[in-house]
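Engineer: If you scroll down you'll find the structure; I have some questions about it.
The values are calculated or read from the model by the stated rules, or taken from the named source; none is laboratory data. Note that the structure is predicted; figures quoted are calculated from it, not measured. Neighbour counts are summed over all protein chains in view; Cβ atoms, including those assigned to glycine, are modelled from backbone coordinates with ideal geometry.
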């Protein structure tokens, strides 16, 4: 009997989790049962993915750089990656602004709904935490993100998943230094990282065996903690604009893959489907990174020297879905709270959302922090910031799940573009968890 492919197993787990979660909402003890006995399995899965994220970046990026014979090639890869990421982010923000200005979802929000949302969420810990974090980031200097990129202790950077840019900096510095001492002297260290890379990739394969159960647990918990259905209905128009924009971005990626990379867009989306499903379930580009790298390298055929740099950098600075959401959310909040936006304000949104995406944590909820920074940049009244966040807080988690899918798909698209432009497309070679089982039996 043919084994069911992984993406179908994950999809079945997701659907079962949603149905189970809805069923549990009708039982008095259901939500607490899901949170106490089901959700921990999802949490463990996400922790395992985060556990191997930094070792994977360290091993694969060092291997990718040390395999380069010409150091100027790395410079070309880096420059192309950053330029393409900036372009796709600007396109995402522009799509968001065009849609929200055309549909105007904020005009349909009644005063009663605003009052109810404000009462429900304005003092919520999630909202207040986001405001405090945004205030801390706003007070930093214009080049703070460059300063934050360089750690004063490499081991501290490697011990914290939120310091992804520092990990990338340390790894690139190490890889380039290995190139400069010559192949003979660097060989012992290179052999170590090559072996570490193989081990971590095998860990990815093993962790993915539990993915269907994990997404069942994660989705069940999302459903039982989703909040008031009436409030969600009131924000349906706003959510629809965000979702439409995210769908247009997926279409844009498909067109780019088909025209520039000369790769079948449908095959691309099919190969990336497991990573997209995990991005949806975890709401975290960082947690999904090991799976994204595995799909891009082994299933699509992007050389490791490209994927090991482009994808970790993308998980940190490329937030196309999040940037689009910020554009829609900022204009929506301004419309709902009767704050007039000029053309200059909307151009400011483009620039600020672009800059805010660089260095933003690739974790759930980071988009809300970036949104506060965007709102403050257009002169939104500080006393209404909490109300503005409260307006969209109820639907932030499901939208966060969807925009993470776009973020991850964008990372893979750029990796394919850079690989195509540098001639680094290879024949895909899929590895399974039991490939070497006969050797150890």
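Engineer: Kindly establish whether residue 131 is surrounded by 15 or more Cβ atoms within 10 Å (Cβ to Cβ), modelled with pLDDT of 75 or more, within 24 Å of the chain's Cα centre (by Cα) and under 23 Å from residue 382 (Cβ atoms).
Structural biologist: Yes: the conditions hold for residue 131.
Engineer: Still on this model: Residue check: is residue 311 surrounded by 20 or more Cβ atoms within 10 Å (Cβ to Cβ) and assigned to a helix (DSSP H, G or I)?
Structural biologist: Considered against the rule, which asks whether it is surrounded by 20 or more Cβ atoms within 10 Å (Cβ to Cβ) and assigned to a helix (DSSP H, G or I), residue 311 comes out as yes.
Engineer: Among the residues of the stretch 176-185, is any out of contact with any helix residue (DSSP H, G or I) (no Cβ under 7 Å at 6 or more places or on another chain), free of Cβ contacts under 8 Å to residues at least 12 places away in the same chain and part of a loop (DSSP other than H, G, I, E, B)?
Structural biologist: Yes, the stretch 176-185 contains a residue that is out of contact with any helix residue (DSSP H, G or I) (no Cβ under 7 Å at 6 or more places or on another chain), free of Cβ contacts under 8 Å to residues at least 12 places away in the same chain and part of a loop (DSSP other than H, G, I, E, B).
Engineer: Is it the case, given these coordinates, that residue 196 is more than 28 Å from residue 397 (Cα to Cα) and either touching a residue at least 60 places away in the same chain (Cβ under 8 Å) or touching a helix residue (DSSP H, G or I) at 6+ places or on another chain (Cβ under 9 Å) (or both)?
Structural biologist: Details: more than 28 Å from residue 397 (Cα to Cα): yes; either touching a residue at least 60 places away in the same chain (Cβ under 8 Å) or touching a helix residue (DSSP H, G or I) at 6+ places or on another chain (Cβ under 9 Å) (or both): yes.
Yes: the conditions hold for residue 196.
The rows are residues; the columns are (1) surrounded by fewer than 20 Cβ atoms within 10 Å (Cβ to Cβ); (2) at pLDDT below 95; (3) not in a helix (DSSP H, G or I).
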position: 254; (1), (2), (3): yes, no, no
position: 268; (1), (2), (3): no, no, no
position: 290; (1), (2), (3): no, yes, no
position: 325; (1), (2), (3): no, yes, no
position: 341; (1), (2), (3): yes, yes, yes
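Engineer: Just one of 218, 201 is under 16 Å from residue 37 (Cβ atoms), in contact (Cβ under 8 Å) with a residue 12 or more places away in the chain, assigned to a helix (DSSP H, G or I) and within 21 Å of the chain's Cα centre (by Cα); which is it?
Structural biologist: Only one candidate qualifies: 218.
Engineer: Let me ask you something else. Please work out which residue is farthest from the chain's Cα centre (by Cα), limiting yourself to the stretch 380-391 and to residues that are within 22 Å of residue 342 (Cβ to Cβ) and either at pLDDT below 85 or in a helix (DSSP H, G or I) (or both).
Structural biologist: So the residue we want is 383.
Engineer: Search the stretch 391-402 for residues that are touching a residue at least 40 places away in the same chain (Cβ under 8 Å) and pair each with any residue that is assigned to a loop (DSSP other than H, G, I, E, B) when their beta-carbon atoms are under 6 Å apart and the residues are at least 6 apart or on different chains.
Structural biologist: Partner pairs satisfying both residue conditions: 394/227; 395/235; 400/283; 400/364; 401/283.
Engineer: Looking at residue 40 and the list (1) part of a helix (DSSP H, G or I); (2) surrounded by fewer than 14 Cβ atoms within 10 Å (Cβ to Cβ); (3) modelled with pLDDT under 95, which single condition is not satisfied?
Structural biologist: Every condition holds for residue 40 apart from (3).
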